[in-house]
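Undergrad: Structure incoming, see below.
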Amino acid sequence: MPTPATLDALLVEERVFRPAPATVIEANVKPADLAEAYRLAEADPLAFWEKAALELEWHRKWDAVLDASNAPFHRWFPGARGNIVHNALDRHVHIWTKNKLALIWEGEAGDCRKFTYFELYREVNRLACALRALGVSRGDRVCLYLPPIPETVVAMLAAAKVGAVHVFVFAGYSAKFLRERLSDSRAKVLVTADGFYRGGRCINLKAVVDEALDGVAGDAAETVVVVRRTGADIDMREPRDLYYHDLLRQESPEAATEIMEAGDPLFWLPTSGTTGRPKSIVHGHGGYMVGAHHTFRTVFDIKPTDIHFCTADPGWITGHTYGVFGPLLTGASVFLYEGHPLYPQADRLPSIIERYGATIFYTTPTLIRMLMRYGPQYPKKRDLSTLRLLGSVGETLSPEAWMWFYKHIGRSNCPVLDTWWQTETGMAMLSPMPISVLKPGSVGKALPGVAAAVVDGQGHSVPPGQGGFLVLKTPWPGMLTGLAGDEAGYKEAYWDKIPGVYFAGDVARRDEDGYFWIQGRADDVLNIAGHRLGTAEIEAALCAHRFVAEAAVIGVPDKIKGEVAKAFVVADPAWVSALPDADALASQLREHVRRELGPIAVIRAVELRQSLPRTRSGKILRRVLKAEELGEPVPPLSGEEA
Ligand code: WT7
């Protein structure tokens, strides 16, 4: 990573990129507007966010912009009422966007479906009526275990429309993971699909659901609504399982939108932390809507003619905010792809961009590295001239990958916006704007209204160029409203680490121009291909195996996925008589973790040990294992660890 230097020096060396004149002329936010936004946000952040809230329609306005009286349980727009679906969908059917494409979808086999805003509205209303008929009302949880298909967008909106909270479980998570989320949330209804296509295979999702529902707690998932995507032969258990299309056929095309309080929950998304159990991040209707809308309009610089292609699955926060809600809130057209990004060959994504004329391409460093590996001849074969903006999120985008992306996908003609944010932040926090001077490898400055800083363990700012903890000093509208069922955990995980500020869990530095450079996680959380996975969760999964006595997991660098897990295991001696050799044990453990957590939990290697390094109080010293693994000097123990 380059050492930070001042912008002037970099401009002379031409290691930074100035915006093209056309980008500046056409930008929604021009340099003077951006300067004014920073000025207002610094002078009066609440006035800044109030202005952003006024860009949307509300059923009732707020009594205050922010209620911080019970910090850190901040309440944005208390007293305000509305529903995100009113702004994302209902209002569009009364204006010119009514007949505009809201959603374009392509299946892996090349099948395509398109929905105008009006068509999407009809479908959402039918599902909303169906959910109500199934007894779902305000505040009830509806679990979504769905692949990237149009019905996924419909289900997210329909649940919100009736005031229900959708608990999204990414379709790559395991049966056990789904069962736990169903039990935690007591979701009345589960919406899923028979399956989907990925990498040329037909995945039978319903079989995973059936396994998950075996032994699920009490009354969870009384009804399972199954979208028929693949037509595969699946088990439909009466009266629990209903086909989506049968259900919708009987329903009315009009449904009232529930009027919610701004702070009412909109969705839960599970994510990993440092404990053995994932936590469920909760986002609400009002603040999240303002954050998603404002940042999508300004950072992604959305235009009426845009086709926005976000490669993230709607089951992750990126797909939620910038694949579904942000675009629909601004009346944009979104493109959603079902399958594997390299199927049937490495030009699938460039081919999509060419065929649909995508104008914005928002993806991850892992995907960029995958494209890099196959070489520039694939994008070169395609006409990518419709693109005007590129974005990246989820992991550090190295200057090398940045340049490749800029050159071979953007044809040296599109700004590359490396955006930093989290499931918890709900919206982009650090990012260049299309009109910014870009520094490859940096995530740009804090956006207007975002008070980010790099501090030491006591919360004191560190000088420019020096590493420290990335924190957010003031609340922002897109922030999580809490962790489901865990008030103490919310305070402890984010607000007590460094008193008074939000602790992001990342290590970063800020250069003299105020640009941030993300260096990685500060905690025991891995980032595997942009997916967060706690080492403690993988260790807990390993320890559940009968041949594992103790386990420790660390992240090791990977050329494509950024990072993968390596496990150190003290085995139970019983394995010796049961299995032929250590390789057999290793592959059994890898398969076991995959089953427990899902295919995102990639374990590169399993190493058997006689014992694990531990502190006197018994905590595993993962950083000692990591230093040994990377051939680095073993760091001395801190006072706490000795
Ligand atoms: C963690 C959050 C928000 C979308 C996807 C991930 C890492 C995120 C960047 C970036 C370097 C990044 C951080 C962060 N991260 N964006 N542009 N550069 N690292 O959401 O699963 O909640 O993970 O992803 O470590 O804390 P998430």
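The values are calculated or read from the model by the stated rules, or taken from the named source; none is laboratory data. Nothing here was measured: the structure is a model prediction, and the numbers come from that model. Cβ: placed from backbone, ideal geometry, glycine included. Neighbour counts: every protein chain shown. These accessible areas exclude ligands, DNA and RNA; they are computed on the full protein's heavy atoms, side chains included. Shrake-Rupley method; radii C 1.70, N 1.55, O 1.52, S 1.80 Å.
Undergrad: Taking the Cα centre of the chain as origin and charging only Cβ (+1 Lys, Arg; -1 Asp, Glu), how large is the dipole, in debye to the nearest 20?
TA: On the way: 71 positive and 77 negative charges, 181 e Å.
For the chain, the charge dipole is close to 860 debye.
Undergrad: For Glu254 and Asn28 in one chain, what is 0.36 nm times their gap in residues minus the Cα-Cα distance, to one decimal in nm?
TA: Roughly 77.9 nm would be gained on extension.
Undergrad: Could you state the number of Å between the C-alpha centres of the stretch 495-567 and the stretch 233-309?
TA: 27
Undergrad: I need the Debye-formula profile for the stretch 297-395: one equal scatterer per C-alpha, no solvent, reported as log10 I(q)/I(0) at q = 0.12, 0.22, 0.23 1/Å, two decimals.
TA: Log10 of I(q)/I(0), two decimals: -0.36, -1.22, -1.32.
Undergrad: Still on this structure, please answer the following. Taking the Cα of Ser577, stepping 7 Å toward and past its beta carbon, and measuring to each backbone N in the stretch 518-554: which are under 15 Å?
TA: Only 547 pass the distance filter.
Undergrad: Leaving out same-chain residues fewer than 8 places away, which lysines sit with a Cα under 28 Å from that of Lys114?
TA: Lys98, Lys100, Lys161, Lys206, Lys303, Lys380, Lys381
Undergrad: Taking Lys626 as the anchor, which lysines have their alpha carbon closer than 24 Å to its alpha carbon, excluding any fewer than eight residues away along the same chain?
TA: List returned: Lys497, Lys559, Lys561, Lys566.
Undergrad: Hand me the chymotrypsin sites (Phe, Trp or Tyr not before Pro) from the stretch 172-265 located in a DSSP loop with no more than 11 other Cβ atoms within 10 Å, in residue order please.
TA: Loop-located and lightly packed - none at all.
Undergrad: Of the chymotrypsin sites (Phe, Trp or Tyr not before Pro) in the stretch 56-101, which ones lie in a loop per DSSP and count no more than 16 other C-beta atoms within 10 Å?
TA: Answer in residue order: Phe73.
Undergrad: Grab the Cα-Cα distance for Tyr374 and Val556, subtract it from 0.36 nm times how many residues apart they are, and report the gain in nm with one decimal. All intermediate terms of the calculation are to be shown ahead of the outcome.
TA: Details: separation 182, 0.36 × 182 = 65.52 nm, distance 2.29 nm.
Value of the extension gain: 63.2 nm.
Undergrad: For the chain, with the dipole built from +1 on Lys and Arg beta-carbon atoms and -1 on Asp and Glu ones, taken about the Cα centre, which of Ile538, Gly291, Leu630 lies farthest toward the positive end?
TA: Among Ile538, Gly291, Leu630, the one farthest towards the positive end of the dipole of the chain is Gly291.
Undergrad: Check Ile528: other-chain or 5+ apart residues with amide H under 5 Å from its amide H, H built from backbone geometry?
TA: Here Leu533 satisfy the definition.
Undergrad: Quick one: check the C-alpha center-to-center distance for the stretch 106-135 versus the stretch 157-181, whole angstrom.
TA: For the stretch 106-135 versus the stretch 157-181, the Cα centre distance is 17 Å.
Undergrad: For the ranges 156-163, 469-476, 263-270, what's the packing order if you count other beta-carbon atoms within 10 Å of each residue, average per peptide, and put the highest first?
TA: My ranking of the peptides, most packed first, is 156-163, 263-270, 469-476.
Undergrad: Here is a follow-up. For the charge dipole of the chain, defined by +1 on Lys and Arg C-beta atoms and -1 on Asp and Glu C-beta atoms about the Cα centroid, which residue among Gly478, Ala80, Leu387 has the Cα displaced farthest towards the positive pole?
TA: Leu387
Undergrad: Separate question: Given the -39500 (n - 2.57) contribution per DSSP H run of 4+ residues, what per-residue ellipticity at 222 nm results for the chain, rounded to the nearest 500 deg cm²/dmol?
TA: Value at 222 nm, helices only, nearest 500: -8000 deg cm²/dmol.
Undergrad: In the stretch 537-569, which trypsin sites (Lys or Arg not before Pro) are in a loop and have at most 16 other Cβ atoms within 10 Å, using DSSP for the loop call?
TA: Working: sites: Arg546, Lys559, Lys561, Lys566; in loops: Arg546, Lys559, Lys561.
For trypsin sites (Lys or Arg not before Pro) across the stretch 537-569 that sit outside H, G, I, E and B with at most 16 neighbouring Cβ atoms in 10 Å, the list reads Arg546, Lys559.
Undergrad: Average the reciprocal distances over every distinct pair of alpha-carbons in the stretch 352-411, invert the result, and give the Kirkwood radius in Å. Before the final figure, lay out the partial values.
TA: Values: mean 1/r = 0.0863 Å⁻¹.
Evaluated over the stretch 352-411, this radius sits at 11.6 Å.
Undergrad: Once you have the Cα-Cα distance between Lys61 and Ala109, take 0.36 nm times their residue separation minus that, and quote the gain in nm to one decimal.
TA: 12.6 nm
Undergrad: For Gly482, which sequence-distant residues (separation of 5 or more, or a different chain) have an amide H within less than 5 Å of its own amide H, given hydrogens modelled in the peptide plane?
TA: HN-HN under 5 Å from Gly482: Val282.
Undergrad: Moving on. Considering only the chain, what is the antiparallel percent among its DSSP beta bridges, to the nearest 5?
TA: So the antiparallel bridges amount to about 55 percent of the total.
Undergrad: Let me ask something else. Relative contact order, percent, of the chain when contacts are C-alpha pairs under 8 Å separated by at least 6 residues?
TA: 13
Undergrad: At a Förster radius of 22 Å, what calculated FRET efficiency corresponds to the Cβ-Cβ distance of Thr274 and Phe73, to the nearest 0.05?
TA: 0.55
Undergrad: Classify the stretch 23-151: rounded, prolate or oblate, from the alpha-carbon gyration tensor (a ≥ b ≥ c, eigenvalue square roots; a/c under 1.5 rounded; otherwise prolate if a/b is larger than b/c)?
TA: Here the stretch 23-151 falls in the oblate category.
Undergrad: What ranking of His74, His308, His340 comes out by heavy-atom accessible area, probe 1.4 Å, highest first?
TA: Numbers: His74 30, His308 0, His340 55 Å².
Largest accessible area first, the list is His340, His74, His308.
Undergrad: Could you order Arg373, Arg521 so the one with the most accessible surface comes first? Probe is 1.4 Å.
TA: I get Arg373, Arg521, largest accessible area first.
Undergrad: Also, quick follow-up: For the stretch 525-630, give the magnitude of the charge dipole about the Cα centre (Cβ charges: +1 Lys/Arg, -1 Asp/Glu; no others), in debye to the nearest 20.
TA: 380
Undergrad: Next up: Treating only the Cβ atoms of Lys and Arg (+1) and Asp and Glu (-1) as charged, compute the dipole magnitude of the stretch 146-212 about its Cα centre; round to the nearest 20 debye. Intermediate results must be reported in sequence, preceding the final value.
TA: Working: 9 positive and 6 negative charges, 15 e Å.
Dipole magnitude for the stretch 146-212 comes out near 80 debye.
Undergrad: While we're on this one: Ignoring the sites themselves, what is the longest stretch of the chain with no GluC sites (Glu not before Pro) in a DSSP loop and at most 11 other beta-carbon atoms within 10 Å?
TA: Details: sites that count: Glu14, Glu57, Glu254, Glu640.
Result for the longest clean stretch: 255-639.
Undergrad: Can you tell me what share of the DSSP beta bridges in the stretch 503-642 is antiparallel? A percent to the nearest 5 is fine. Write down the numbers at each step before the final one.
TA: Values: 20 of 25 bridges.
That works out to approximately 80 percent antiparallel.
Undergrad: When the Karplus curve 6.51 cos²θ - 1.76 cosθ + 1.60 is applied with θ = phi - 60°, which whole-Hz ³J(HN,Hα) does each residue of the stretch 128-133 get, with x for Gly and Pro?
TA: Working through the residues one at a time gives 4, 4, 5, 4, 4, 5 Hz.
Undergrad: Over the Cα atoms, compute the radius of gyration (one decimal) and Dmax (the largest Cα-Cα distance, rounded to a whole number) for the chain, in Å.
TA: Rg then Dmax for the chain, in Å: 24.1, 73.
Undergrad: In sequence order, what are the phi-derived ³J(HN,Hα) couplings for the stretch 468-482 according to the Karplus relation 6.51 cos²θ - 1.76 cosθ + 1.60 with θ = phi - 60°, rounded to whole Hz, with x for glycine and proline?
TA: Values per residue, Gly and Pro as x: x, 8, 7, 10, 10, 8, 9, x, 9, x, x, 4, 4, 8, x Hz.
Undergrad: In whole Hz, with x marking every Gly and Pro, tabulate ³J(HN,Hα) for the stretch 190-200 from phi via Karplus 6.51 cos²θ - 1.76 cosθ + 1.60, θ = phi - 60°.
TA: Working through the residues one at a time gives 10, 9, 9, 9, 5, x, 6, 10, 8, x, x Hz.
Undergrad: I want to verify the translational diffusion coefficient of the stretch 386-459 in µm²/s; compute it with Stokes-Einstein, Rh as the Kirkwood radius over Cα pairs, at 4 °C and 1.567 mPa s.
TA: Taking Rh from Cα pairs, D becomes 98 µm²/s.
Undergrad: Give the long-range amide H neighbours of Gly273: residues separated by 5 or more places, or on another chain, with amide H under 5 Å away, using H modelled in the peptide plane at 1.01 Å from N.
TA: Lys279, Gly534
Undergrad: Could you order Ile203, Ile95 so the one with the most accessible surface comes first? Probe is 1.4 Å.
TA: Highest to lowest solvent-accessible surface, that is Ile95, Ile203.
Undergrad: Can you work out the PRE-style zone for Cys543? Point 7 Å along Cα to Cβ, and I want the residues of the stretch 573-612 with backbone N under 14 Å.
TA: Answer for this model: 612.
Undergrad: Toward the positive end of the charge dipole of the chain, about the Cα centre and with charges on Cβ (Lys, Arg +1; Asp, Glu -1), which of Thr274, Thr23, Phe503 goes farthest?
TA: Thr23
Undergrad: Accessible surface of Phe17 in the full protein assembly, 1.4 angstrom probe, to the nearest 10 Å²?
TA: Phe17 has an accessible surface of roughly 40 Å² with all protein chains in place.
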